[in-house]
Amino acid sequence: MKKRIEEGQRESLALVAADKGMEWFMRNREFTPDLAVGDFDSLSEEGEAYMESLKDLEIVRLKPEKDDSDTQSAVNHMIREGAKEILIFGATGTRLDHVLANLGLLSMGKEQGVQIVLADQWNYITLVESGTVLKKEEQFGKYVSFFSVGGDVAGLSLKGFKYPLNRYHLTVADSGLTVSNEITEETAEITYDSGQLLMIMSRD
């Protein structure tokens, strides 16, 4: 890869196109992908021609019949390359099945020590560790929501929020309780004892 993410490199960035994501780069020529991953069955002829025109581009072609989505294959490739932080755009589109599959990548990344974020113009989605501190001046959007993933979140405390919690046992059935919270202090802290906590920062 032209810009390889390697352990020990302080500042390194790789831009990856997963299948039809190549068409975003085609429309935004100020950004050039380093890697393209996919079976490219949804890529237009124009997109295919653009991809082939990029001389320094590494292309990983996958078979259409595979166990992983193109996005997951791209994420797995980057993790093997040593990535520790992965930001995914275009993962919250019209296909709900793909959205759910992409949400599953967050847990997959956590198991391998990699923070994965899904983002679009309205949402910033990631798993948060206990002890996370959010700065109001840096938050994405107005609202902050929390959900338990893969089981309960025990001992959840939210400080610095409009609706605080003190050692609450959060279950999937409580999803309405932790939707559309707001940061009211300069900083807000999230702590819990166990479980996986999904955070969604959003704006209208």
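Values as computed for the structure displayed
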{"item": "Overall dimensions of the chain by Cα: Rg and Dmax, Å", "result": "18.7, 56"}
{"item": "R0 of 41 Å, Cβ-Cβ distance Lys66-Glu186: FRET efficiency to nearest 0.05", "result": "0.30"}
{"item": "Candidate aspartates and glutamates for bridging to Lys159, where Cα separation is under 17 Å - those fewer than 8 sequence places away on the same chain excluded", "result": "Glu129, Glu137, Glu138, Glu182, Glu185, Glu186, Glu189, Asp193"}
{"item": "Part-to-part distance (alpha-carbon centres) for the stretch 40-117 and the stretch 187-204, which is given in Å", "result": "25"}
{"item": "Residue exposure sequence - Asp204, Asp39, Asp34, Asp19 - by fewest surrounding Cβ within 10 Å", "result": "Asp204, Asp39, Asp34, Asp19"}
{"item": "With 5 Å bins from 0: P(r) over the stretch 126-202, alpha-carbon pairs, percent", "result": "3, 18, 31, 30, 13, 4, 0"}
{"item": "Qualifying GluC sites (Glu not before Pro) for the stretch 30-116 [loop in DSSP, other Cβ within 10 Å: at most 11]", "result": "Glu30, Glu65"}
{"item": "Shape of the stretch 1-112, Cα gyration tensor, a/c cut at 1.5", "result": "oblate"}
{"item": "Mean ellipticity per residue at 222 nm, deg cm²/dmol - from DSSP H runs of n ≥ 4 across the chain, formula -39500 (n - 2.57)", "result": "-6000 deg cm²/dmol"}
{"item": "Sorted by Cβ neighbour density within 10 Å, fewest at the top, the residues Leu106, Leu156, Leu62", "result": "Leu62, Leu106, Leu156"}
{"item": "Out-of-range pairs (alpha-carbon distance over 26 Å; input Lys135/Lys162; Lys84/Lys135; Lys55/Lys110; Lys84/Lys162; Lys110/Lys135)", "result": "Lys55/Lys110; Lys84/Lys162"}
{"item": "Distance (nanometres) between label positions extended 7 Å along Cα→Cβ at Glu129 and Ala173", "result": "3.3"}
{"item": "Full-extension gain in nm, Ala49 to Asp193, via 0.36 nm per residue minus C-alpha separation", "result": "46.7 nm"}
{"item": "Reachable lysines from Lys63, criterion Cα separation under 22 angstrom, eight or more residues apart if same chain", "result": "Lys20"}
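Laboratory data are not the source of any read-out in this text; all were calculated from the coordinates shown. In this text, all values refer to a predicted model and were calculated from it rather than measured experimentally. Glycine gets a Cβ as well: all are built from the backbone with ideal geometry, and neighbour counts include every protein chain shown.
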